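The structure appears right after this line, and notes come after that.
Taken together, the values in this text are just the output of simple stated rules run on the coordinates, not laboratory data. Everything quoted here is computed from the prediction, not taken from an experiment. Note that each Cβ is placed from the backbone with ideal geometry, even for glycine, and that neighbours are counted across all protein chains shown.
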Amino acid sequence: MGAGHTRFGALEAGPRDLIRGAVDAAFASVDKGADRVEVGEAYLATLGFGGWQIGHSAAVLAEEAGMTGVPTTRVENACASGGFAIRAAVDAIVSGRTDLVLVAGLEKMTDVTSARRRYWLGVSGDTEWERAAGVTFAGVYGLIASRYLAEHRVDPAVLAEIAVKNHENGALNPYAHFQKRIRLEEAQGAPRVADPLGLLDCCPVSDGAAALLLCAPDAARRYTDAPVYVDGVGAGSDRLAIQERPDITRFGATRWAVDGALRSAKVERSEISFLEVHDCFTIAELLALEDLGFAEPGEAARLTHEGATRRTGRLPVNPDGGLKAKGHPMGATGVSQAHEAFLQLRSAAGARQIPGASRALTHNVGGAGATATVTIFSAG
Ligand code: COA
């Protein structure tokens, strides 16, 4: 019934201001209005508030949302925290515990030193082997990309094509960290981060927050004449370290999550109008298309190259710019993807609107595929 978003980027605002901004915007978006006292439960997705390091952050959500007294819970599953918080909110409603739930996602990332940030990001991956060997997140995805490109004999230029597409979409998103287009040659020539990934293959380090208001379906029209429904949610998990998995180019957690979501939504892939996928690195968008079942292994590169995943293509992917251009304040990301679904399905996405969008699939990944959620939304 409502969704709010702050700008993503390197922001002056602290975490409390960001939470307040997103929550206020979510309430303001409810057409017929909603009273905060009606909220029966709230969830906050966050990894740790950057330099603020407020561990017990659920209380901060209650405080800043003006709803002390409401049970609030922090949900932390690395970069998939937002998706898992939405799943918890849906469960709270389906169980009958409450009719109205607030979900917020937040990260403040730019106020810590890069050494501390590397440590902080690193603990969302495997610390016993990968981090001990000095492999960063970009390094893990670089290994996956090398393997994928070699195994499927794919031209690495496709990674740059994904970056160009997502920046093109981000340029139309007023909330995006990077609101500028890039050229293919720029992406290909960018400084290397973890070969074959360069700077423009990586999501940035961002601050930002997003919030949603969810209500029981039979209560929706009390709040709005244009509700967006959660048709189904699925989730999955996998071994933490990629070396423990049989195939590093396939994320089992995504496959379990999408199966669960499609089953609970009772819809077919052909009914999905567009995807919001977790492109923390460009290679992750290819893996997502394949693990979600929209392309056979090795085929996502062809779909991308043909332009099918552009905003105007037959299967638009990341119309909001994705993590690549919109930014990736980790706890906020899954909630932000749902915010994009909310806008698109109400035909309120402005210049980046996908005409006739009626059903959306959002995909949120924790670490290098150790946890994942998939949520399916439809226009009311
Ligand atoms: N895409 C495009 N431009 C980027 C960028 C990105 N991902 N990251 C930084 N930049 C730009 C900055 O805006 C800045 O531009 P300016 O000089 O015009 O102001 C310039 O590059 C340098 O920025 P800086 O912050 O110093 O870069 P950095 O070298 O410290 O960090 C990365 C670059 C790629 C290492 C960093 O963005 C990163 O770690 N990204 C991945 C985050 C991550 O792992 N998240 C979890 C995923 S699972």
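Considering only residues that are in a loop (DSSP other than H, G, I, E, B) and near the ligand (Cβ under 8 Å from one of its atoms), look in the range 192-219 and name the one that is nearest to LEU121 (Cα to Cα).
Pass one, the range 192-219, residues in a loop (DSSP other than H, G, I, E, B): 195-196, 203-206, 216.
Next, only the ones that are near the ligand (Cβ under 8 Å from one of its atoms) stay: 203-205.
Values: CYS203: 13, PRO204: 12, VAL205: 10 Å.
Step by step, filter the range 192-219, then rank; the result is VAL205.
The lone criterion from (1) farther than 25 Å from THR46 by Cα; (2) within 14 Å of the ligand (Cβ to nearest atom); (3) β-branched (Val, Ile, Thr) left unmet by VAL112 is number (1). Within the range 90-120, the set of residues being assigned to a helix (DSSP H, G or I), closer than 18 Å to ALA138 by Cβ and out of contact with any Ser or Thr (no Cβ under 7 Å at 6 or more places or on another chain) comprises SER114, ALA115, ARG116, ARG117, TYR119, TRP120.
Counting residues in the range 204-224 that are under 22 Å from the mean Cα position of the chain (by Cα) and of a type in the set (D, E, K, R) gives one or more. Contact annotation: residue pairs with Cβ atoms under 9 Å, 6 or more positions apart or on different chains, pairing a residue in the range 126-141 that is without any contact (Cβ under 8 Å) to a residue 40 or more places away in the chain with a partner that is near the ligand (Cβ under 10 Å from one of its atoms) and assigned to a loop (DSSP other than H, G, I, E, B), are ARG131/GLY125; VAL135/GLY125.
Would the range 223-233 turn up any residue that is touching a Pro at 6+ places or on another chain (Cβ under 8 Å), part of a strand (DSSP E or B) and either within 16 Å of the ligand (Cβ to nearest atom) or without any contact (Cβ under 8 Å) to a residue 24 or more places away in the chain (or both)? No: the range 223-233 contains no residue that is touching a Pro at 6+ places or on another chain (Cβ under 8 Å), part of a strand (DSSP E or B) and either within 16 Å of the ligand (Cβ to nearest atom) or without any contact (Cβ under 8 Å) to a residue 24 or more places away in the chain (or both).
Residues to consider are VAL258, VAL267, VAL277; find the one that is buried (at least 24 other Cβ atoms within 10 Å of the Cβ) and more than 16 Å from the ligand (Cβ to nearest atom). Full working, then the answer.
Working: VAL267 fails: buried (at least 24 other Cβ atoms within 10 Å of the Cβ); VAL277 fails: more than 16 Å from the ligand (Cβ to nearest atom).
Answer to the selection: VAL258.
Reported count of residues in the range 243-271, each being in contact with a strand residue (DSSP E or B) (Cβ under 7 Å, 6 or more places away or on another chain) and part of a loop (DSSP other than H, G, I, E, B), is 2.
Give the residue, chosen from ALA171, ALA190, ALA150, ALA157, that is touching a strand residue (DSSP E or B) at 6+ places or on another chain (Cβ under 6 Å) and surrounded by fewer than 19 Cβ atoms within 10 Å (Cβ to Cβ).
Values: ALA171 fails: touching a strand residue (DSSP E or B) at 6+ places or on another chain (Cβ under 6 Å); ALA150 fails: touching a strand residue (DSSP E or B) at 6+ places or on another chain (Cβ under 6 Å); ALA157 fails: touching a strand residue (DSSP E or B) at 6+ places or on another chain (Cβ under 6 Å).
Testing whether each residue is touching a strand residue (DSSP E or B) at 6+ places or on another chain (Cβ under 6 Å) and surrounded by fewer than 19 Cβ atoms within 10 Å (Cβ to Cβ) leaves just ALA190.
Residues that are more than 12 Å from the ligand (Cβ to nearest atom) and of a type outside the set (S, T, N, Q) were ranked within the range 133-147; the one that is surrounded by the fewest Cβ atoms within 10 Å (Cβ to Cβ) is GLY134.
Among the residues of the range 31-80, write down those that are in a loop (DSSP other than H, G, I, E, B), within 26 Å of ARG221 (Cα to Cα) and among the acidic types (Asp, Glu). Of everything in the range 31-80, those that are in a loop (DSSP other than H, G, I, E, B), within 26 Å of ARG221 (Cα to Cα) and among the acidic types (Asp, Glu) turn out to be ASP31, ASP35. Contact map, the range 300-314: residues that are crowded, with 20+ Cβ neighbours inside 10 Å paired with residues that are of a type in the set (Gly, Ala, Ser) and not in a loop (DSSP other than H, G, I, E, B), Cβ distance under 9 Å, separation 6+ or inter-chain. Pairs shown: ALA300/ALA288; THR309/ALA300. What about THR113, is it free of Cβ contacts under 8 Å to residues at least 60 places away in the same chain, surrounded by fewer than 24 Cβ atoms within 10 Å (Cβ to Cβ) and within 30 Å of ASP218 (Cβ to Cβ)? In short, no.
Applying a threshold of 8 Å to beta carbon distances and a minimum spacing of six or more residues, or different chains, the list of pairs starting in the range 60-80 at a residue that is without any contact (Cβ under 8 Å) to a residue 24 or more places away in the chain and of a type outside the set (Asp, Glu) and ending at one that is away from the ligand (no atom under 16 Å from the Cβ) and not in a helix (DSSP H, G or I) reads ALA62/ALA42; ALA62/THR68; ALA62/GLY69; ALA62/VAL70; ALA62/THR72.
How about the range 348-376: which of its residues are away from the ligand (no atom under 16 Å from the Cβ), under 28 Å from PHE251 (Cβ atoms) and either touching a Gly at 6+ places or on another chain (Cβ under 9 Å) or assigned to a loop (DSSP other than H, G, I, E, B) (or both)?
Here is the first cut: in the range 348-376, the residues away from the ligand (no atom under 16 Å from the Cβ) are 348-362, 374-376.
If we keep only those that are under 28 Å from PHE251 (Cβ atoms) too, we end up with 349, 352, 354, 357-362, 374-376.
Answer for the range 348-376, where residues must be away from the ligand (no atom under 16 Å from the Cβ), under 28 Å from PHE251 (Cβ atoms) and either touching a Gly at 6+ places or on another chain (Cβ under 9 Å) or assigned to a loop (DSSP other than H, G, I, E, B) (or both): ALA349, ARG352, ILE354, ALA357, SER358, THR362, VAL374, THR375, ILE376.
All told, GLU185 falls short of being closer than 30 Å to PRO71 by Cα and either away from the ligand (no atom under 12 Å from the Cβ) or under 17 Å from the mean Cα position of the chain (by Cα) (or both). Taken over the range 299-343, the criterion of being out of contact with any Asp or Glu (no Cβ under 7 Å at 6 or more places or on another chain), closer than 16 Å to GLY83 by Cβ, part of a helix (DSSP H, G or I) and not hydrophobic (A, V, I, L, M, F, W, C) is satisfied by THR333, GLY334, SER336, HIS339.
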